[in-house]
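For reference, the structure discussed in these notes is given below.
The values are calculated or read from the model by the stated rules, or taken from the named source; none is laboratory data. Quantities reported herein were computed from a predicted structural model and do not represent experimental measurements. Cβ placement follows ideal geometry from the backbone for every residue including glycine, while neighbour counts extend to all protein chains displayed. With ligands, DNA and RNA removed, areas are computed over all heavy atoms of the protein, side chains included. Shrake-Rupley method; radii C 1.70, N 1.55, O 1.52, S 1.80 Å.
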Amino acid sequence: MILLSIIFLLVVLAVVSAVMGSPMFFVVRQQESSIIERLGKFNRIVTPGFHVMIPFIERRAANVNLRTQEARYSLNGKTKDNVTIGTAVSVQFRVEQNQAPVVEQSGVYRSYYILSNPINQMESYIADALRSAIPGYTLDEVFDNKDLIAQNVKDSVTELMAGYGYEIITTLITDIELPKDVERSMNAINSAQRDQEAAKALAEAERTKTVVAAKAQAEAMEQTGIGIANQRKAIADGIAASLDTIKSSGVTAQEANELFLYTQWVEMMNSFAESGKASTVVLPSSFDSKSSILPDMLAAQQTEKGSGE
């Protein structure tokens, strides 16, 4: 009976305290810690699980999140070459969870009792560290050393935030925003550089094409020359053979030469007749090797003028 009475009283007390806003029983979730105060003074820190506290005398002052959190800031800075840029900074942090010899030195205690607004305070530290680091670099160097600047900011802020019970996991510069006029200028410069590279590539391609074409033409002319030389050699060999054949038939050398010239003229006349493009053909009046075609051409010209008159 006494045990049942005690249980009944505890249940009634729990219900009444819960209704009046001072619950007797409570549960702390995983990756959280609760700070318990007794009559307004720090009493203890409780870990995840089921817990009991004295109604109206004790209260849960705060639930401290032990998970890694992220804060994002938009901050400005001026580079070494006097360009004001905007930076998007992402900071991952968490409450220190290392065991401390004295509870007042733990990260949970310091994160709640020392710093009232850690997000805003951390922004001030990061802005100060960033504005101290960026002026040491030109605009181009800021882009090249973005990760180094972020690491320097992290090193500066880590020591400061450790005094408040917070651990900085990483600091990232996720974006760099340029003034519109600077951005347009940089785009114009990049475009001009790309055009210059394209022009160089086209010129190199054209030069290569010209060299290849010239080489091919030289080789073709060389082969043409070889062909002409072979052709002339074959013609000379044929003529020599023909003359030998004519001479062997009893014809004198003078007659053989005149016969050969006559044959050449006949072949020329056949070519003119086949082409159909010749209007006037001037032939020597004699196939004598000593005769010249020039007097015949002059005579033909005078005849043409006389007929026109």
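Has the range 119-137 got any residue that is touching a residue at least 40 places away in the same chain (Cβ under 8 Å), assigned to a loop (DSSP other than H, G, I, E, B) and open to solvent by 20 Å² or more (accessible area, probe 1.4 Å)?
yes
For the range 195-244, what are the residues that are under 30 Å from Thr263 (Cβ atoms), polar (S, T, N, Q) and open to solvent by less than 100 Å² (accessible area, probe 1.4 Å)?
Residues satisfying the conditions are Thr224, Asn230, Ser242.
Every residue in the range 53-91 that is farther than 29 Å from Thr138 by Cβ and open to solvent by 60 Å² or more (accessible area, probe 1.4 Å), please.
Within the range 53-91, Ile54, Phe56, Ile57, Arg59, Arg60, Asn63, Arg67, Thr68, Gln69, Glu70 qualify.
Which of the residues belonging to the range 90-118 are over 17 Å from Asp175 (Cα atoms), hydroxyl-bearing (Ser, Thr, Tyr) and touching a residue at least 12 places away in the same chain (Cβ under 8 Å)?
Matches in the range 90-118: Ser106, Tyr109, Ser111, Tyr112, Tyr113.
Considering only residues of the range 170-194 that are at pLDDT 75 or above and open to solvent by less than 60 Å² (accessible area, probe 1.4 Å), which is farthest from Asn98 (Cα to Cα)?
Taking the candidates together, the pick is Pro179.
With the condition being among the hydrophobic types (A, V, I, L, M, F, W, C), at pLDDT 90 or above and closer than 17 Å to Met161 by Cα, I'd like the strands (runs of 3 or more DSSP E) fully within the range 34-116 carrying at least 3 qualifying residues.
Filter on the range 34-116 gives 84-95.
Only one of (1) at pLDDT below 80; (2) exposed (fewer than 13 other Cβ atoms within 10 Å of the Cβ); (3) in contact with a helix residue (DSSP H, G or I) (Cβ under 9 Å, 6 or more places away or on another chain); (4) not basic (Lys, Arg) fails for Gly163. Which number is that?
(1)
Identify the single condition in (1) open to solvent by less than 50 Å² (accessible area, probe 1.4 Å); (2) over 29 Å from Ile85 (Cβ atoms); (3) at pLDDT 90 or above that Val153 does not satisfy, given that it satisfies every other one.
Tallying (1) open to solvent by less than 50 Å² (accessible area, probe 1.4 Å); (2) over 29 Å from Ile85 (Cβ atoms); (3) at pLDDT 90 or above, Val153 fails exactly one: (2).
Which of the residues spanning the range 20-33 are of a type in the set (A, V, I, L, M), modelled with pLDDT of 60 or more and surrounded by fewer than 13 Cβ atoms within 10 Å (Cβ to Cβ)?
Val27
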